[in-house]
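Worksheet: the structure to be examined is printed underneath.
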């Protein structure tokens, strides 16, 4: 009896068929090598739709279980092993953050959630933060949330919103997060300087007006404080190929155009999503095409090719570098990738054939096309062109009888196999690398307390798109002043001056518009930290007067700044706007005219002028 009891306890404590380690936070010997490895806050791991099924739900194999698996593209029978393997890989990568955009469980069973949480606790004990949002399979009633016992099933208890929020308190819904009342949408700052907004897109891909307004408000507030913002939700934001809704009715969020516009306008550049079970990155733009937004859709952990993303932030958080990994073998199945591929192929064939004629004619070829799509970067696949040609030929054969369906089929196949998102819309149509991509986050600049700063960017910028900000180049240098000229579209690698509200943060927008002529610009821009040459002047404020002041040779000019060089001069320069000093321009707006009264360069009236430079009737006068 004792041997039987010991054997039973061992089985309960093991993850059969998995290579996962089990961490006891109170055990000093758990992960001894890992505990000494520092967490890398520049690294984020993203994986989606693990659809974990707790082992307790399979009471006894039988017809009920095999019937469920028949035709499933989800490898739910491998879900525990795949999830455990993913946890192992995260431990090896030791990122600062893990993002899981929904469908954590098979069908919202509390037991499955508890299994997921137990593994996330292992990561948390190592200092690895995880954030989640729910998917359509994570709460509420679901007929497939059952125990399987031979030929029969019995309902399993499922999560609701309150239970979900309580159980995942350490993973986005507790201390350190701000949550929209009555929802599972939240905002937090898991890595200093990076705000993550988790959006609940519901079970049907609907983002309510209240939720959308709250998300926009939080994104703008974060940007106002100079933070970078990314978002995460379950349903894709952008159609990843034309006609995707013919595969899955909820393949994108409802009213995706207005949602896309609002998120992009709020300064969100990247949204991590799941749901569709393929890894595809698509780029779109807001209504006036001035802001880009990327939908980084990550395939399901339980659907071929079982992808996940590793995202690296560069030092100043100005860029996300995305690479893609996949699980191709398991400890007890070295040919797992082939098993997964065959299951997906069979499932897609059945799904398309079920739509009836004429779709049944293309089921085999369409399944092959979907596999190519799932593997990503379709144009790089040598089979993509021939598969597309076959689909187009078949569609043309039926065009006389089904012209609309035939054209829809051709558009869908072309969009998918040539990896074209927004197919047919010339303003938005693009091809984006699905597996390896660098995404620039919006450039941000904080003005000095006086409302001025210099800047230089790698990108062409359109300052006219940034409300409240004005840009200038230095068009001339006179004996006692620099002359500024207003510009809007600034070429890359060009130094310029910006003016706005003091100490405020502003977003600078990249553009493809024709740049202004800046050939007369006297400013030198820096993309990297630069030692100041001789006769360098930098923008600064002294005694409440903003101007260009001399800098000692060799002093470091920071990256993304601009400076002047004025050979043979040591005189302090005052900033002029098209020939009129900043302060006097302001005085003229307030008083209407200058009447022979003396003003200093700060625009202050001087009753008894002594030696120095003054403004009289709009002209500079030097009293010796």
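Structural remarks
- DSSP beta bridges confined to segment 98-230 are antiparallel in about 65 percent of cases.
- Value of Rg/Rh across segment 447-578 [Cα atoms, Kirkwood radius]: 0.94
- Fully extending the segment from residue 141 to residue 335, taken as 0.36 nm per residue of separation minus the present Cα-Cα distance, adds 66.3 nm.
- Separation between Cα centres of segment 85-119 and segment 290-333, rounded to whole Å: 15 Å
- Gain on full extension, evaluated as 0.36 nm per residue between residue 350 and residue 114 minus their Cα-Cα distance, stands at 81.7 nm.
- Calculated FRET value between residue 488 and residue 221, using beta carbons and R₀ = 25 Å, to 0.05: 0.35
- The stretch between residue 535 and residue 249 holds 96.4 nm of extra length on full extension. This uses 0.36 nm per residue minus the Cα-Cα distance.
- Length-normalised contact order for segment 336-429 - Cα pairs under 8 Å, 6+ apart - percent: 22 percent
- Solvent-free Debye calculation, one equal scatterer per alpha-carbon of segment 275-377: log10 I(q)/I(0) at 0.19, 0.22 Å⁻¹ equals -0.99, -1.13.
- Backbone N under 15 Å from the residue 522 label point (7 Å along Cα→Cβ), restricted to segment 449-492: 472-486
- Segment 447-578 - percent relative contact order, Cα under 8 Å, separation 6 or more: 29 percent
- With the convex hull drawn around the C-alpha atoms of segment 181-335, the volume per residue stands at 141 Å³.
- Spin-label model, residue 408 to residue 68: label points 7 Å out along the Cα-to-beta-carbon direction sit 3.3 nm apart.
- Pairwise centroid distance, computed over Cα atoms, of segment 143-191 with segment 467-532, Å: 50 Å
- A Förster distance of 41 Å, applied to the separation of the beta-carbon atoms of residue 446 and residue 89, puts the FRET efficiency at 0.60.
- Two-site label geometry, residue 210 and residue 319: point separation in nm, points 7 Å out along Cα→Cβ: 4.3 nm
- Pair residue 436, residue 39: separation of 7 Å Cα→Cβ label points (nm): 3.0 nm
- Residue 552/residue 467 FRET efficiency (R0 35 Å; Cβ-Cβ; nearest 0.05): 0.40
- Taking only the alpha carbons of segment 93-204, we obtain Rg and Dmax values of 14.9, 54 Å in that order.
- Volume of the Cα convex hull of segment 336-429, divided per residue and given in Å³: 95 Å³
Quick note: the coordinates plus some simple rules give every number you see, no bench work behind them. Just so it is clear, the structure is predicted and the values come from calculations on it, not from any experiment. Here Cβ is always computed from backbone atoms with ideal geometry, including for glycine, and neighbour counts include all displayed protein chains.
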